[in-house]
Amino acid sequence: MLVDDHVLVAEGFRELLKKMLPAGAVVDIFSSVETAAAALKTTSYHILITDLIMPGQNVMSFITACRKHYGELLILVVTSSMDSNGIKACFAAGANGYLSKAVSPGEIRLALDYTMAGKKFVSADLAGKLADNIFSAENTVLTAKEREVLALIGAGKRTKEIAEMLFVSPITIMTHKRNIMRKLDLHSVTELVRYVFNNNLF
């Protein structure tokens, strides 16, 4: 299920998804949450991909209702909205992943792979913005890249996954992790994750 009020955009996205999903997969397009909600009552969908900004429509309530009534439904938000509070709200409502519309096809494939495996996913550009929204030059000595890596660690990503998302080597990510732990006086990945959640960074 693909929900987007820009039909031409949705049509192009559907063709891209057909190349990524298993042969024979059907991608139905809906231009409103109302028609999508009605379809969910009669048709079994495995994946919901929805825009967040659709004038006159409460997409957040739709996501919440989908999570409540269709527990196994995979929910991905793909949108131009890059507001950190909105990202957090979507995950609180039950979304499995959140991507900006600026991502590459490769990152969309990663999002599908990770969320199908039961993991949360935030596109790399937005993970950095989540961290930037919390950290500033006045309260941290972390570099922009280290803040980005920290946000991804908090999102549950492993070293190899982060490296793939940021298009660098795992060794580079390990170096960032060591530097982050040294600067924050933390001593394990568990402490890093706890730090992220205790400080509401994700």
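Overview of values
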item	result
Pair Met20, Asp185: separation of 7 Å Cα→Cβ label points (nm)	4.3 nm
Selection of trypsin sites (Lys or Arg not before Pro), the range 152-202, meeting DSSP coil and at most 16 other Cβ within 10 Å	Arg158
Cut-off under 5 Å, modelled amide H: who pairs with Val3 long-range	Phe30, Ile49, Thr50, Asp51
Lys/Arg +1, Asp/Glu -1 at C-beta; the chain dipole; positive extreme among Thr64, Leu166, Ala23	Leu166
Linear extension gain, Thr143 paired with Ile53, 0.36 nm per residue minus alpha-carbon span	29.3 nm
Inter-label distance for Ser169 and Ala37, nm, one decimal - labels placed 7 Å from Cα along Cα-to-Cβ	5.2 nm
Under the Debye formula (equal points on every Cα, no solvent term), log10 I(q)/I(0) of the chain at q = 0.09, 0.10, 0.19 Å⁻¹	-0.36, -0.44, -1.32
Modelled FRET efficiency - R0 25 Å, Ser80 with Ser44, Cβ distances, 0.05 increments	0.25
Per-residue [θ]222 nm for the chain (sum of -39500 (n - 2.57) over DSSP H runs n ≥ 4, rounded to 500)	-16500 deg cm²/dmol
Residue order, fewest to most surrounding Cβ atoms within 10 angstrom, among Asp4, Asp185	Asp185, Asp4
Magnitude of the charge dipole, the chain, Cβ model with Lys/Arg +1 and Asp/Glu -1, debye to 20	660 debye
Sequence of Phe91, Phe30, Phe167 once ranked by neighbouring C-beta atoms within 10 Å, starting from the fewest	Phe167, Phe91, Phe30
Cα centroid separation, the range 80-127 to the range 32-46 (Å)	21 Å
For the range 36-122, the Rg and Dmax computed from alpha carbons only, in angstrom	12.3, 34
Calculated FRET efficiency for the pair Ala102/Arg178, C-beta based, R₀ 25 Å, to 0.05	0.25
Amide H contacts under 5 Å for Lys101, placed H, 5+ residues apart	Thr79, Ser80
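No lab work stands behind these numbers, since they all come straight from the coordinates. Predicted model only: the values in this text are computed from it and were never measured. Neighbour counts are summed over all protein chains in view; Cβ atoms, including those assigned to glycine, are modelled from backbone coordinates with ideal geometry.
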